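Undergrad: Dropping a structure here in structure tokens format, bear with me for questions.
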Amino acid sequence: MAGKEKSASKPSSEGKPRKKEKRSDARAQQGALVRQLAMGTAAFVVLLAVLANIFYSPAKVVSLSLNDSQKLKEVLLAPDPWLVQCTRDDTMSEKFDVLAEETAKALRIKDSDVQVGSINCSQPLPGSGKSIYQKFLKKRERPDFIVAANGERPKAVPAKYVTQARALSEYVHKVTSPKLRAISSSSTLSSSCFDTISRPCFLLVTATRDNLETKYPWLRSVVKRHRATPFGLLNTSKYAASFQKSLPSEEEAGGHPRVVVLQKAKSGDAGADTTEYMARAMRDVEFNEASIDALIASVQSGGTELRALSKKPSVKSLKPAPKPKSKPSNQRAPPVKPKASQAPPPAAGRQGAEDAGWEQRRREEMERLEAENALLWEADEEAVDGEYVADYEEEE
């Protein structure tokens, strides 16, 4: 019995593995915590390196040369966005050099793909003899910065934005971002789709007022990938196009925007070139990112045939033009000519002293007539007096 009691008082061997398991779990948790701290530290170091590269590394401003014509074409005429500082030979040059560097840094923080360069815009270009100002900008424009993007003609940056890096970077980021161009008239259609020969334009036609870039988020990526390709947006609930009858119905399009490809081209012999307008309403293209990318590639490579139109496409508003409001007439009625035997009636609206003066003149005139026509007055007194009274009441 005593042996049994001793054996019973010994601790069970089942408790030992449990202690080992607890120890191993604690060690595993400690190891996981150490690994997480190490990973967090590494990520923090990488973040610090990125921030240091953004905020403390010198911003890159590319120095451009007038003799490098190929590079100038890429900067001023290519789709990629550029902000170009026009260098000067005066005391303001240093100020704008600093502004260009700060703007390049601000654009990099925005994760913008706009590049910044500098060049003398006043000196003549080799070959043409014209300066960048004269060749690309409007007459007499001499800005300190110009911006070029999306294959369009360079534009002068307004002076009000050339004050600080933040204002300049926000303006450049806004004007260089590709977007759908709203078509509201024939002139906006021409400027958006027909400003360049042989460049196709993709027009999205919808009958709703929904924001397409919100409804189809991939549209922004497509437009950005194809910077040199113009994209237009036509709302048929507000505007009508001359080619609208050729479009597929909304039911055929499944409620999605319909796609029309437009292009301005040259036709005829070399000696007698004429302008013609080409178009095609796409009926077999699904409205998704892959299909639109494939359509753009097919049109640009000549794989999609466009048809010639009989006349230039046009767009007009569905709302009738408001009628001009008739201006209230401020002209007074012509004065009544007095009869030979009467004094002139008073003008409309005379009161007080003017009425008293007219009444006095009337009496004097009557007395004169009475003296001159004493014999006739008695016979015609009633008629003449009634005539004067009638005229007076009519004027009043």
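Since every read-out is calculated from the coordinates, none of them should be taken as a lab result. Not measured: the values here are computed from a predicted model. Cβ placement follows ideal geometry from the backbone for every residue including glycine, while neighbour counts extend to all protein chains displayed.
Undergrad: Order 251-257, 239-245, 143-149 from most to least packed using the mean count of other Cβ atoms within 10 Å.
TA: 143-149, 239-245, 251-257
Undergrad: Rounded if a/c is under 1.5, else prolate if a/b beats b/c, else oblate: with a ≥ b ≥ c from the C-alpha gyration tensor eigenvalues square-rooted, which is the range 202-265?
TA: The shape class here is oblate.
Undergrad: Only residues of the range 279-297 count here: report those whose backbone N is under 14 Å from the spot 7 Å along Cα→Cβ of GLU250, or say none.
TA: none
Undergrad: Find which of PHE231, SER267, ALA156 sits farthest along the positive direction of the dipole of the range 122-268, computed with +1 on the beta-carbon of Lys and Arg, -1 on that of Asp and Glu, about the Cα centre.
TA: ALA156
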